[in-house]
Amino acid sequence: MKCSDFLKELSDYLDNNMDATTKAELEEHLQWCHNCYVVCNTTKSTIEIYRGSELYELPDELRGRLQKAIVSKCECHKRETQSPETPDPKPEK
Ligand SMILES: [Zn+2]
């Protein structure tokens, strides 16, 4: 499962609105993908806040922003592993 697939299923996962197979796949993804793990937790607590204020649905706009953030993070991470970027501000000596 890719991060984009995970994100597509995330809201159903949090609503517990899916079959056991898909759920197992998502949980497996969470075990190795820290980015999605963070997004999952963030989204979960966001939903809880909204539920607290009687707004059940996560606004599309917010969901879109979360998804964009995680996808760019994952892509960024891939790039980093290919060509490691060493933040090395040359000391002026
Ligand atoms: Zn992921």
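The values are calculated or read from the model by the stated rules, or taken from the named source; none is laboratory data. If you're wondering where the values come from, they're calculated on a predicted model, not measured in any experiment. Don't worry about glycine lacking a Cβ; one is built from the backbone with ideal geometry, like all the others, and counts go over all protein chains shown.
Considering the range 31-50, the residues that are of a type outside the set (Val, Ile, Thr) and under 10 Å from LEU10 (Cβ atoms) include one that is nearest to the ligand (Cβ to nearest atom), namely CYS36.
The set of residues in the range 2-22 being near the ligand (Cβ under 10 Å from one of its atoms) and loosely packed, with under 15 Cβ neighbours inside 10 Å consists of LYS2, SER4, ASP5.
Taking the conditions (1) within 13 Å of the ligand (Cβ to nearest atom); (2) of a type outside the set (Ser, Thr, Tyr); (3) modelled with pLDDT under 95 in turn, GLU25 satisfies each one other than (3).
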